[in-house]
Amino acid sequence: MQLNLTSYLSDAGRSDQLQVVYEKQDLMLGDTSYPVRGQESMKLTVSNTGKNEVSVKAQGQIEIETSCDRCLKPVIVKLIIDREEVITEKDIMDPQPGDQISFLDGYELDTDVLIEDTCISEMPPKVLCKEDCKGLCLVCGADLNEGDCGCDRFVPDPRMAAFGEVFAAANAKKDK
(Lines give C-alpha, C1' and ligand atoms only; values in the text may rest on other atoms or scores of the structure.)
Protein backbone atom coordinates (compact mmCIF):
# COMPACT_ATOMS: atom_id res chain seq x y z
CA MET A 1 0.00 0.00 0.00
CA GLN A 2 1.23 3.46 -0.86
CA LEU A 3 0.51 6.21 1.66
CA ASN A 4 1.09 9.87 0.85
CA LEU A 5 2.58 11.73 3.84
CA THR A 6 2.04 15.29 2.51
CA SER A 7 -1.07 16.07 4.56
CA TYR A 8 0.44 14.49 7.70
CA LEU A 9 3.47 16.78 7.44
CA SER A 10 1.37 19.94 7.10
CA ASP A 11 -1.68 19.27 9.37
CA ALA A 12 -0.64 19.89 12.98
CA GLY A 13 -2.07 17.25 15.30
CA ARG A 14 -3.36 14.97 12.53
CA SER A 15 -3.27 11.32 13.50
CA ASP A 16 -4.80 8.28 11.81
CA GLN A 17 -4.84 4.58 12.56
CA LEU A 18 -4.95 2.39 9.47
CA GLN A 19 -5.18 -1.36 8.94
CA VAL A 20 -2.78 -2.53 6.25
CA VAL A 21 -2.06 -5.98 4.84
CA TYR A 22 1.20 -7.18 3.35
CA GLU A 23 0.12 -7.54 -0.26
CA LYS A 24 2.74 -9.94 -1.61
CA GLN A 25 2.60 -13.76 -1.58
CA ASP A 26 6.29 -14.05 -0.68
CA LEU A 27 8.36 -12.02 1.75
CA MET A 28 11.68 -10.99 0.20
CA LEU A 29 14.50 -10.79 2.76
CA GLY A 30 17.69 -9.98 0.94
CA ASP A 31 17.98 -12.43 -1.97
CA THR A 32 15.74 -15.06 -0.37
CA SER A 33 12.01 -15.44 -0.86
CA TYR A 34 9.88 -16.85 1.98
CA PRO A 35 6.23 -17.86 1.36
CA VAL A 36 3.78 -15.96 3.57
CA ARG A 37 1.65 -18.53 5.44
CA GLY A 38 -0.38 -16.20 7.65
CA GLN A 39 -0.66 -12.67 8.87
CA GLU A 40 -2.81 -10.37 10.86
CA SER A 41 -3.53 -6.95 9.46
CA MET A 42 -0.92 -4.48 10.58
CA LYS A 43 -1.94 -1.52 12.68
CA LEU A 44 -0.30 1.55 11.17
CA THR A 45 -0.45 4.78 13.19
CA VAL A 46 0.58 7.93 11.31
CA SER A 47 0.76 11.13 13.35
CA ASN A 48 2.01 14.68 12.93
CA THR A 49 4.41 15.12 15.85
CA GLY A 50 5.63 18.65 15.12
CA LYS A 51 6.40 21.09 12.38
CA ASN A 52 7.09 19.05 9.24
CA GLU A 53 7.57 15.87 11.27
CA VAL A 54 5.61 12.61 11.09
CA SER A 55 5.70 9.53 13.31
CA VAL A 56 4.92 6.20 11.63
CA LYS A 57 4.32 3.24 13.92
CA ALA A 58 3.66 -0.27 12.56
CA GLN A 59 2.52 -3.19 14.73
CA GLY A 60 1.43 -6.70 13.81
CA GLN A 61 2.79 -10.09 12.87
CA ILE A 62 3.45 -12.17 9.81
CA GLU A 63 4.13 -15.91 9.48
CA ILE A 64 6.56 -17.17 6.88
CA GLU A 65 7.74 -20.62 5.87
CA THR A 66 11.41 -21.50 5.86
CA SER A 67 13.53 -24.62 6.39
CA CYS A 68 15.05 -26.02 9.57
CA ASP A 69 18.76 -25.20 9.55
CA ARG A 70 19.63 -28.75 10.63
CA CYS A 71 17.19 -31.19 8.97
CA LEU A 72 15.66 -29.00 6.22
CA LYS A 73 12.03 -29.72 7.22
CA PRO A 74 9.58 -26.86 6.61
CA VAL A 75 9.11 -24.56 9.61
CA ILE A 76 6.64 -21.72 10.17
CA VAL A 77 8.32 -18.68 11.75
CA LYS A 78 6.26 -15.92 13.37
CA LEU A 79 7.80 -12.47 12.98
CA ILE A 80 6.56 -9.72 15.29
CA ILE A 81 6.48 -6.26 13.74
CA ASP A 82 6.80 -3.35 16.16
CA ARG A 83 8.54 -0.39 14.59
CA GLU A 84 8.36 3.36 14.93
CA GLU A 85 10.01 5.83 12.59
CA VAL A 86 10.09 9.61 12.78
CA ILE A 87 10.26 11.20 9.35
CA THR A 88 10.95 14.87 8.71
CA GLU A 89 10.45 16.83 5.54
CA LYS A 90 14.24 17.22 5.41
CA ASP A 91 14.53 13.39 5.26
CA ILE A 92 12.23 13.41 2.23
CA MET A 93 13.65 16.43 0.41
CA ASP A 94 17.36 15.86 1.14
CA PRO A 95 17.97 12.18 1.98
CA GLN A 96 21.48 11.55 3.31
CA PRO A 97 23.55 8.60 2.09
CA GLY A 98 23.14 5.67 4.47
CA ASP A 99 19.73 6.77 5.79
CA GLN A 100 17.53 3.78 6.62
CA ILE A 101 14.37 5.08 4.93
CA SER A 102 14.18 2.76 1.92
CA PHE A 103 10.39 2.62 2.34
CA LEU A 104 10.04 6.24 1.17
CA ASP A 105 9.81 7.39 -2.42
CA GLY A 106 9.40 11.12 -2.17
CA TYR A 107 6.30 11.70 -0.04
CA GLU A 108 5.02 8.16 -0.68
CA LEU A 109 5.47 5.59 2.08
CA ASP A 110 5.43 1.97 0.83
CA THR A 111 4.01 -0.15 3.66
CA ASP A 112 5.19 -3.41 2.06
CA VAL A 113 8.82 -2.23 2.06
CA LEU A 114 8.44 -0.98 5.66
CA ILE A 115 7.23 -4.45 6.69
CA GLU A 116 10.02 -6.20 4.75
CA ASP A 117 12.69 -3.97 6.31
CA THR A 118 11.34 -4.73 9.77
CA CYS A 119 11.16 -8.48 9.12
CA ILE A 120 14.85 -8.58 8.14
CA SER A 121 15.82 -7.53 11.65
CA GLU A 122 13.25 -9.86 13.26
CA MET A 123 14.36 -13.01 11.41
CA PRO A 124 16.02 -15.37 13.88
CA PRO A 125 19.67 -16.19 13.12
CA LYS A 126 19.00 -19.94 13.39
CA VAL A 127 15.67 -21.65 12.63
CA LEU A 128 15.07 -25.11 14.08
CA CYS A 129 12.03 -27.40 13.73
CA LYS A 130 12.47 -28.28 17.40
CA GLU A 131 15.04 -27.29 19.99
CA ASP A 132 16.74 -30.69 20.05
CA CYS A 133 16.75 -31.30 16.27
CA LYS A 134 19.50 -33.81 15.44
CA GLY A 135 19.82 -32.81 11.79
CA LEU A 136 20.95 -34.97 8.88
CA CYS A 137 23.63 -37.66 8.81
CA LEU A 138 26.80 -36.25 7.28
CA VAL A 139 27.51 -39.59 5.57
CA CYS A 140 24.20 -40.77 4.08
CA GLY A 141 21.87 -37.77 4.57
CA ALA A 142 19.29 -39.65 6.68
CA ASP A 143 17.12 -37.61 9.07
CA LEU A 144 18.55 -38.43 12.51
CA ASN A 145 15.31 -37.30 14.20
CA GLU A 146 13.66 -40.44 12.78
CA GLY A 147 16.35 -42.78 14.14
CA ASP A 148 20.02 -43.64 13.91
CA CYS A 149 21.17 -44.68 10.43
CA GLY A 150 24.16 -46.75 11.63
CA CYS A 151 26.80 -44.78 9.73
CA ASP A 152 30.22 -44.21 11.29
CA ARG A 153 30.17 -40.44 11.78
CA PHE A 154 33.36 -40.22 13.88
CA VAL A 155 35.39 -37.21 12.81
CA PRO A 156 38.85 -37.00 14.41
CA ASP A 157 39.81 -33.71 16.00
CA PRO A 158 42.19 -31.99 13.52
CA ARG A 159 44.11 -30.50 16.45
CA MET A 160 45.16 -34.03 17.39
CA ALA A 161 46.46 -34.94 13.90
CA ALA A 162 50.11 -34.33 14.92
CA PHE A 163 49.79 -36.93 17.69
CA GLY A 164 48.40 -39.42 15.19
CA GLU A 165 51.43 -38.92 12.95
CA VAL A 166 53.81 -39.46 15.91
CA PHE A 167 52.05 -42.71 16.89
CA ALA A 168 51.99 -43.90 13.27
CA ALA A 169 55.74 -43.26 12.94
CA ALA A 170 56.43 -45.04 16.26
CA ASN A 171 54.35 -48.06 15.17
CA ALA A 172 56.14 -48.15 11.81
CA LYS A 173 59.53 -48.27 13.61
CA LYS A 174 58.27 -50.97 15.94
CA ASP A 175 57.07 -53.15 13.05
CA LYS A 176 60.50 -53.08 11.36
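The values are calculated or read from the model by the stated rules, or taken from the named source; none is laboratory data. Note that the structure is a prediction, hence the values are computed from the model and not measured. Please note: Cβ atoms are built from the backbone with ideal geometry, for glycine as well, and neighbour counts cover all protein chains shown.
Would you confirm whether or not segment 105-122 contains a residue that is within 30 Å of ARG37 (Cα to Cα) and in a loop (DSSP other than H, G, I, E, B)?
Checking segment 105-122: not a single residue is within 30 Å of ARG37 (Cα to Cα) and in a loop (DSSP other than H, G, I, E, B).
Mind checking whether some residue in segment 96-111 is modelled with pLDDT of 85 or more and surrounded by fewer than 16 Cβ atoms within 10 Å (Cβ to Cβ)?
Scanning segment 96-111, I find at least one residue that is modelled with pLDDT of 85 or more and surrounded by fewer than 16 Cβ atoms within 10 Å (Cβ to Cβ), so the answer is yes.
Out of (1) closer than 17 Å to THR66 by Cα; (2) at pLDDT 90 or above; (3) of a type in the set (Gly, Ala, Ser), the odd one out for SER121 is which?
Condition not satisfied by SER121: (2).
Look through segment 112-125, keep the residues that are free of Cβ contacts under 8 Å to residues at least 40 places away in the same chain and within 21 Å of GLN19 (Cα to Cα), and return whichever of them is surrounded by the most Cβ atoms within 10 Å (Cβ to Cβ).
Among them, the one singled out is ASP117.
Being within 30 Å of ILE76 (Cα to Cα) and of a type in the set (S, T, N, Q) is the filter here; which residues of segment 123-176 pass it?
ASN145
Is it fair to say CYS129 is of a type in the set (A, V, I, L, M, F, W, C), in a loop (DSSP other than H, G, I, E, B) and within 29 Å of LYS24 (Cα to Cα)?
yes
What are the residues in segment 36-54 that are closer than 17 Å to ILE115 by Cβ and small (Gly, Ala, Ser), if any?
Hits for segment 36-54 are GLY38, SER41.
Looking at segment 32-90, what strands (runs of 3 or more DSSP E) fall wholly within it and have at least 1 residues that are surrounded by 15 or more Cβ atoms within 10 Å (Cβ to Cβ), more than 21 Å from the chain's Cα centre (by Cα) and β-branched (Val, Ile, Thr)?
42-50, 53-67, 74-88
Only one of (1) in contact with a helix residue (DSSP H, G or I) (Cβ under 6 Å, 6 or more places away or on another chain); (2) closer than 15 Å to TYR107 by Cα fails for VAL20. Which number is that?
Just one mismatch for VAL20, condition (2).
Listed residues LEU138, LEU128; which is within 30 Å of ASP82 (Cβ to Cβ) and surrounded by 10 or more Cβ atoms within 10 Å (Cβ to Cβ)?
Of LEU138, LEU128, the one residue that is within 30 Å of ASP82 (Cβ to Cβ) and surrounded by 10 or more Cβ atoms within 10 Å (Cβ to Cβ) is LEU128.
Please determine, by comparing only the residues of segment 142-160 that are farther than 28 Å from LEU29 by Cα and surrounded by 10 or more Cβ atoms within 10 Å (Cβ to Cβ), which one is modelled with the lowest pLDDT.
ARG153
Name the single residue, out of those in segment 8-31 being within 19 Å of ILE62 (Cα to Cα) and either surrounded by 14 or more Cβ atoms within 10 Å (Cβ to Cβ) or outside the structural domain of ILE92 (by TED's automatic domain parsing) (or both), that is nearest to the chain's Cα centre (by Cα).
By that ranking, first place goes to LEU29.
Can you pull out the residues in segment 76-95 that are more than 20 Å from LYS24 (Cβ to Cβ) and at pLDDT 90 or above?
If the condition is that a residue be more than 20 Å from LYS24 (Cβ to Cβ) and at pLDDT 90 or above, then ASP82, GLU84 are the ones that fit.
Scan segment 5-23 for residues that are modelled with pLDDT under 85 and either of a type in the set (D, E, K, R) or part of a strand (DSSP E or B) (or both) and jot them down.
Once the filter is applied, which keeps residues that are modelled with pLDDT under 85 and either of a type in the set (D, E, K, R) or part of a strand (DSSP E or B) (or both), segment 5-23 yields ASP11, GLU23.
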